[in-house]
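These notes are about the structure you will find just below.
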Amino acid sequence: LDASDDELLRRYKETRRRHPMADTVEGGLAAQIAAERAAMSEAKKRADYVIDTTHLSVSSLRKRLTAIFSAGLSGGMLVTVMSFGFKHGLPMESDLVFDVRFLPNPYYIPELKHGTGLDAAVRDYVFSFPQTGEFMERLEKLLLYLLPLYNEEGKTVLVIAVGCTGGHHRSVAVAHQLAQDLTAAGFAVTESHRDISR
């Protein structure tokens with residue numbers, strides 16, 4: 001990162017911070033900045049990127065850094081898709097919460113009751129209903145619209161929470177599928193199931 005001498009002088013005066021070379025370089029702040037430039041010249045020559053921050057706001061700098069260091073990812077933001085049970089409370093870290101308690105509940109099917117949404121039989125049951133497919137289609141369309149906008153605003157981590165009653169069946173199946181679909185769309189995604197073993 002670099003900036004013009006005038007801008008560096010202004011920033012030091014504004015923040016009233018001492019320059020790191022104040023104890024070793026005489027002649028005031030301008031001389032200290034010149035000494036720092038000389039000391040950093042070899043590192044600057046070897047740098048892959050040099051960003052002049054003279055006219056950049058903090059948010060513009062963040063966007064620039066995100067664009068450079070998230071190359072190859074659709075967005076650069078880390079998305080966590082989490083399942084949970086409403087009876088255990090909302091996840092405090094969630095940014096977006098979706099309630100799937102409107103879907104038929106495998107809990108009331110004796111052979112599925114003790115499984116989880118990661119089991120094929122439970123997942124097949126949850127996804128056998130047309131409303132599940134329609135919900136997933138609408139949800140993914142919404143998220144594919146929203147995620148790039150969150151990224152543009154500089155959000156680096158986004159937690160999408162999907163809840164059902166206990167956090168074992170419907171939310172797990174939907175969160176698992178959503179994580180797979182967002183990964184396939186090019187986002188960096190992690191998946192977690194907060195209440196699956198409760």
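The values are calculated or read from the model by the stated rules, or taken from the named source; none is laboratory data. Just so we're clear, the structure is a prediction, and the values are computed from it rather than from any experiment. FYI the Cβ positions are ideal-geometry reconstructions off the backbone, even for glycines, and counts take in every protein chain you see. With ligands, DNA and RNA removed, areas are computed over all heavy atoms of the protein, side chains included. Shrake-Rupley method; radii C 1.70, N 1.55, O 1.52, S 1.80 Å.
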Report summary line: Counted residues in the stretch 23-40 being under 26 Å from Val58 (Cα atoms) and open to solvent by less than 50 Å² (accessible area, probe 1.4 Å) come to 4
Report summary line: Of Leu118, Leu112, Leu144, Leu103, the only residue that is open to solvent by 70 Å² or more (accessible area, probe 1.4 Å), in a loop (DSSP other than H, G, I, E, B), hydrophobic (A, V, I, L, M, F, W, C) and at pLDDT 95 or above is Leu118
Query raised in the report: Any idea which of (1) within 16 Å of the chain's Cα centre (by Cα); (2) closer than 30 Å to Ser60 by Cβ is the one Leu142 doesn't satisfy?
Result: (1)
Query raised in the report: Would a scan of the stretch 57-74 turn up a residue that is open to solvent by 70 Å² or more (accessible area, probe 1.4 Å), within 30 Å of Tyr145 (Cβ to Cβ), at pLDDT 95 or above and part of a helix (DSSP H, G or I)?
Result: no
**Report entry** Matching residues, the stretch 1-22, being of a type outside the set (A, V, I, L, M), open to solvent by less than 80 Å² (accessible area, probe 1.4 Å) and part of a helix (DSSP H, G or I)
**Finding:** Asp5, Glu7, Arg11, Tyr12, Thr15
Query raised in the report: Is it true that some residue in the stretch 49-56 is open to solvent by less than 80 Å² (accessible area, probe 1.4 Å), of a type outside the set (Gly, Ala, Ser) and either assigned to a helix (DSSP H, G or I) or within 25 Å of Ser192 (Cβ to Cβ) (or both)?
Result: no
Report summary line: Note: among Phe98, Phe69, Phe86, Phe102, just one is among the hydrophobic types (A, V, I, L, M, F, W, C), farther than 20 Å from Gln180 by Cα and touching a residue at least 60 places away in the same chain (Cβ under 8 Å), namely Phe86
Query raised in the report: Quick one: is Val81 open to solvent by 50 Å² or more (accessible area, probe 1.4 Å), under 30 Å from Arg194 (Cα atoms) and either over 19 Å from the mean Cα position of the chain (by Cα) or at pLDDT 95 or above (or both)?
Result: no
